[in-house]
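Taken together, the values in this text are just the output of simple stated rules run on the coordinates, not laboratory data. Bear in mind that the values here come from a model prediction, so they are computed numbers and not experimental data. All Cβ positions, glycine included, derive from the backbone under ideal geometry; neighbour counts span all protein chains shown.
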Amino acid sequence: MKNNFIFSIALTAAIGFVSCDRFADGVVHEIEFPEHTPRLAVTVIAGDTDNQIVAQVTSTASVLDAAGPLPVDGAVISLSLGEEDIVYTLGEDDFVDFAYKLTLDDTFGHFDGMMTLNVDAPGFDPVTASNMMPPIPEVSLTYEYRGDTTNSPWYGEVIQDVYTLDLVNHSDVDDSYLIYVDALYIDAFTLDTLGWNQVWLRNQNDQRITQEPITGGLIVSDMNASGWSNGLEDLTFFSKSTEDEKGVESVALRMRVKALSPELAKFYESAGDYLSGGFDFFAEPTLMYSNISSGFGCFGLSSQTIVDIE
Amino acid sequence: MIFSLFKGMYKRLFFLFLTVQLLFSVNSFAQTLSGHVQDAVSGEQLLGATVWCEDTKQGVAANIYGFYSLTLPEGKHNIIVTYIGYTPQRFEIDLSMNIKMDINLIAGTKLKEAVVSAESLNKIEEQVQMSKMEIPIDQVKRLPAIGGEVDLLKVLQLLPGVQSGGEGTSGLYVRGGSPDQNLMLLDGVPLYSVNHLFGFFSVFNADAVKNMSITKGGFPARFGGRLSSILEIYMKDGHMKEYHADATVSIIASKLTVEGPIVEDKASFMLSARRTYLDLLINPIIAQANRNNPDVTTDPRYYFYDLNGKLNWRIGPKDRLYLSAFKGEDDFGIASAENYGINSSTLDFGLDWKNEIQALRWNREWSPRLFSNTTLTRSLYNFNTGIEITEQFEDTLSMAALYNSGIEDFSGRIDFDFAPNARHYIKFGANWTNHTFSPGATSLELDFGDTPALDTLLGPADIKSDEAFLYVEDEFELSERLKLNLGVHASILMVQDTSYNSIQPRAALNYRLPGGYAFKASFARMAQYVNLLTNEGLGLPTDLWVPSTARIRPQQSWQVAMGVSKTFGDIEVSLEGYYKGMEGLLSYKEGASFLFSLDTDWEDQVTQGIGNAYGTELLVQKKYGRTTGWIGYTLSWSNRQFDDINSGNWYPFTYDRRHDVSFVVTHDFTDKWTGSAVWLYGTGRALTLSESSFSAYVPDGTGEEIYTFSAEVPSEKNAFRMSPYHRLDLSLTRTKIRENGTRHLIFSVYNAYNNLNPFFAQTDEDDNGNPVIREYGIFPIIPSIAWRFSF
């Protein structure tokens, strides 16, 4: 019995020792990837009140490419109404800071009808996308200064302003809106205008409203997670009441309501999921939405209404 | 409420039952032989033992409580009773009246010496039930085990149609289903999490178990509530005559099982406990390391334990009472502290999960032909993870966050076995379960010194639901060649002012072909009202049990299976093909996580879809003789489709496995030496990898600047495959029988030829600094020894 036991221990230890070498490395093998063919990835997001058009054109890169995706210069980007009536064109001269930027004399403008994006770049197959600018939002807003209190996990009891919004719910389309509130600050001593600062908005248990994690706005949709259509009336959300800090005074509030095309709304949603999921070890992988013919990027249009808050 | 909703259906079922009663009303020329089949020494009930009349060629299998009822024509009959591992008992009986007889079988013939009656109902071609498999616990204990710790679920993974989730894990993926689609019953009570040590071991302690079976399809009407399989595990009842103990010491854990009579032949008990001791072994080493650097200390901890207990009381000749309980818990954590003069900081991270069940069962023999079992049960699963941080500078700042989820069930059930004659065996019953789901709440405690302290609970509220079902089934012979099992299972769920109901027909047939072959076919429709949300990329116990709700519809499936089977000598061969369609499957959306943002409901994070699974399974099994074991092969496909995943396209399920092969053999070299070997091969696991990346932007909140980011593009969902998996495990056991007990020295080797199987894949860098994606394995060859002593 004793000999058997000693033999067993010795054999166990010997095999365990032999196994340590492979255990330390642990690599089974490298996974073979098919060769990657670079394609164009294009993002153009434009609003009717914008005074600049930004087009980002990059090449896709294999995940095994250490350099990652690179900007593509020499591209020609055209925006046309329908398929032939070119409205704007961006080219090599507009290539600044890894993107194409065209400053406009006036605003982008509101266009009815389908707009088409065409991008041609040397060495790549051309890509295209279409999008329709949504109608200018019709907004009815009720504002209640210091109209509510809540208990914040971080700040205890907080006094907050209440915004109640009615938006038009078009029966034949999926309506989505991106909402921001800005406060105008001045220097209390010199009375110099310091500029508009974005106010953080908060939703409270309304499935039609979600936080947009990249820009801090709120996205309002007439479709909830189950795909059921909801009305867009009595949308209520909150902000912490603006408080004058030392030497700074808030003198005005405004609300910016951007109507998003359905494609742009999906792009915002997937970008938010992608970027917030990247920090969560437990998150499922996200596929970024695209309406570009290559499958990468987005051509999205919006129209904006600004409401001064009394 | 339940019965008002069931009203129409209930009436129809009652009418059906009444009709059946009239049709099979007691034959005045027939008498009934009934009783229990039990171990002659311990009094343990032998479920599944067959009682066979050689003259009429009719027989019956004892039910899960060992009760049998065989109605035969008046007169003398030769009866033979058989059970695997026991000496068959043959006797003549004069049935001039109903006779109650408990039959005692003597163990000790072991599998190798068993004589199998040619007429035994145990033969695979005689059984109507298809897609069901049983492995004797005695055989399970002789198979190789990682770390010397026998694991019942890992043995089940060696059967065709049953797959593991990954290297070392205990999860079961049955015929393309997910783990939540398996109903795991311990003494008839559902267990919601069966994992210890992040899934490397299951909660089932083999020393406390007497019987285990898995049903993958052709579900009889008495089962419901899950789509893919029914796993039934029964604890030992406890020795009725003598005290016995069984102790095992392995490199992972030690366990002790004690059983014996409370009142001889009247009442018995069984207690079993198991605990790991890695924490006890490494604590002195960590303490020494902390003493060397007292300003920075780290204290990791991990252990699991489980307790099984059972009381068995024969109240009278017709009544028996059983009280079963189980508790298992895992505790993982790490605590660290740093001291810098008057300043200090501490961090304590914890992850723990536990299961508890209790069951009270009352068996009653109302007549020789009518038996009932009434059960009251409670089942609890709880998962907690949390972190507590304290910083001591000028003020004391502290933050504690605890995430908690769980499910608690209270259930009542009654089942009847009614044997009107030897050609019919009817089962009917009802069940009611109250579920309370806690789908993930976060408790926050904050104290920032100069700001008000916070103590709040965030997250979704508990959800309560009631689930009920009725069933009736009849197994009967239509002719000498054709046996049928027909039944219906009707269930209802009431949740959030919504109700779902489901009528589920069940059918199975066995048609004897010339040459001793049996053709079998089955159809089963199933519904499932509880769902497990799990991250497919992780093996962590982040499982979140959620109910079907007003927004989340139940999972449903239908499965059809066909096959042939035959016994060649002492080798059983079975070939089955199946197709399973599934709908209402639940999955996280892309980007979703179990760590829900505080203002987001879990229902917003999930999506529902459909799936299918189909394949062929071959099993060649030798149950008797010095050499036993089986060869299993599965060729299968399993696919999923969700509108919100993979752009709405169909994709292979993560555990879609084209080929799955297992060889399992146990051989008794001598009375002292027993060896066993397991070899398995499986197609590599499907996985999604990022293939490429691109840049994009969104305007910032002001609209004046842009925010650029790089996004990785995943492949089509599960478009890649890991390398195939294959492994050989060996075991050698030396047994010494002494006057004071029996000793076993068990030497086993996991992964004997040291094949490093893929466990996960990740982006890495090669020697030149270029990105590569590598598969990593974590289990090389692992030898182990265990010592077992029983008296």
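Cross-link reach is defined here as a Cα-Cα straight distance under 16 Å, omitting same-chain residues fewer than 8 places apart; for B:Lys589 the aspartates and glutamates meeting it are A:Glu269, A:Asp273, A:Asp280, A:Glu284, B:Glu536, B:Asp543, B:Asp601, B:Glu603, B:Asp604, B:Asp643, B:Asp644, B:Glu716. Remark: B:Phe204, A:Phe98, B:Phe198 ranked as A:Phe98, B:Phe198, B:Phe204, counting other beta-carbon atoms within 10 Å and listing the fewest first. Counting Cβ atoms of other protein chains within 10 Å of each residue's Cβ and taking the mean over peptide A:97-106 gives 1. Basic side chains Lys and Arg get +1 at the Cβ, acidic Asp and Glu get -1 at the Cβ, and with that the dipole of region A:40-132 about its Cα centre reaches some 340 debye. Averaging the Cα positions of each part gives two centres, and for region B:611-653 and region B:130-145 these lie 19 Å apart. Summing Lys and Arg as +1 and Asp and Glu as -1 over all other residues whose Cβ lies under 13 Å from the Cβ of A:Phe95 gives a net charge of -4. Pairs of Cα atoms nearer than 8 Å and 6+ residues apart set the relative contact order; for chain B it is 10 percent. Label separation (A:Asp93 vs B:Phe393): 5.5 nm, computed from points 7 Å beyond Cα along the C-beta direction.
Between B:Asp497 and B:Glu242, the modelled label-to-label distance comes to 6.5 nm, taking each label 7 Å out from Cα in the direction of the beta carbon.
Using 0.36 nm times the number of residues separating B:Ile285 and B:Leu370, minus their current alpha carbon distance, what extension gain do you get? Walk me through the intermediate numbers first.
Details: separation 85, 0.36 × 85 = 30.60 nm, distance 6.22 nm.
The B:Ile285-B:Leu370 span can extend by a further 24.4 nm.
Under a 5 Å amide H cut-off, with hydrogens placed 1.01 Å from N, B:Glu691 pairs with B:Val713, B:Ser715 among residues at least 5 apart or on other chains. Placing unit charges on the Cβ atoms only, positive for Lys and Arg and negative for Asp and Glu, gives chain B a dipole magnitude near 4480 debye about its Cα centre. Peptide B:737-747 has a mean shielding of 1, counted as Cβ atoms of other protein chains within 10 Å of each residue's Cβ. Helix B:278-292 and the long axis of chain B differ in direction by around 20°, with both axes built from C-alpha atoms. Over all directions, the projected convex hull of the C-alpha atoms in region B:732-776 averages 5.2 nm² in area. The C-alpha radius of gyration of region B:134-177, expressed as a fraction of 2.2 N^0.38 Å, stands at 1.14. Using all pairs of distinct alpha-carbon atoms, the Kirkwood hydrodynamic radius of region A:139-260 works out to 15.6 angstrom.
Of all aspartates and glutamates in the structure, those lying under 19 Å Cα to Cα from A:Lys101, and not within fewer than 8 positions of it along the same chain, are A:Asp48, A:Asp50, A:Asp73, A:Glu92, A:Asp93, A:Asp120, B:Asp700, B:Glu704, B:Glu705. Rounded to the nearest Hz, the phi-derived 3J(HN,Hα) couplings of region B:729-743 under the Karplus curve 6.51 cos²θ - 1.76 cosθ + 1.60 (θ = phi - 60°) are 10, 10, 8, 9, 10, 10, 10, 10, 9, 10, 4, 8, x, 10, 10, where x marks glycine and proline.
Translational diffusion coefficient of the protein assembly as shown (Stokes-Einstein, Kirkwood radius from Cα pairs, 10 °C, 1.306 mPa s): 48 µm²/s. Karplus-based coupling profile of region A:288-303, in residue order and whole Hz: 5, 5, 9, 10, 7, 5, 6, x, 10, x, 8, 10, x, 10, 9, 9, with θ = phi - 60° in 6.51 cos²θ - 1.76 cosθ + 1.60 and x standing for Gly or Pro. The Cα center of region B:718-791 and the Cα center of region B:286-354 differ in position by 26 Å. Across all Cα pairs in region A:40-132, the calculated P(r) in 10 Å bins from zero up to the longest distance comes to 16, 48, 28, 7, 1 percent per bin. This ranking places A:Lys258, B:Lys622 by how few other beta-carbon atoms lie within 10 Å of each, fewest first, which gives B:Lys622, A:Lys258. Scanning residues 5 or more positions from A:Asn169 or on other chains, those with amide H under 5 Å from its amide H are A:Leu232, with H placed 1.01 Å from N in the peptide plane. Taking other residues whose beta carbon is less than 9 angstrom from the beta carbon of A:Leu301, and scoring Lys, Arg as +1 and Asp, Glu as -1, yields -2.
Could you state the number of Å between the C-alpha centres of region A:39-58 and region B:209-224? If you average the Cα positions of each part, the centres end up 60 Å apart.
Among the listed pairs B:Lys483/B:Lys566; B:Lys132/B:Lys622; B:Lys154/B:Lys580; B:Lys483/B:Lys623, which have their C-alpha atoms separated by more than 18 angstrom in this model?
Table pairs above 18 Å Cα-Cα are B:Lys154/B:Lys580; B:Lys483/B:Lys623.
When each of B:Lys520, B:Lys100, B:Lys123 is scored by the number of other beta-carbon atoms lying within 10 Å, the sequence from fewest to most is B:Lys100, B:Lys123, B:Lys520. Bridgeable aspartates and glutamates around B:Lys310 (alpha carbons under 15 Å apart, same-chain partners fewer than 8 residues away excluded): B:Glu44, B:Asp187, B:Asp207, B:Asp237, B:Glu259, B:Glu356.
For the protein assembly as shown, a crude dipole built from +1 on the beta carbon of Lys and Arg and -1 on the beta carbon of Asp and Glu, taken about the Cα centre, is about 9300 debye to the nearest 20. Which of B:Lys327/B:Lys427; B:Lys57/B:Lys318; B:Lys236/B:Lys327 have a Cα-Cα distance over 22 Å? B:Lys327/B:Lys427; B:Lys57/B:Lys318, as the Cα separations exceed 22 Å there. Counts of other chain beta carbons within 10 angstrom of each beta carbon in peptide B:687-693 average 6.
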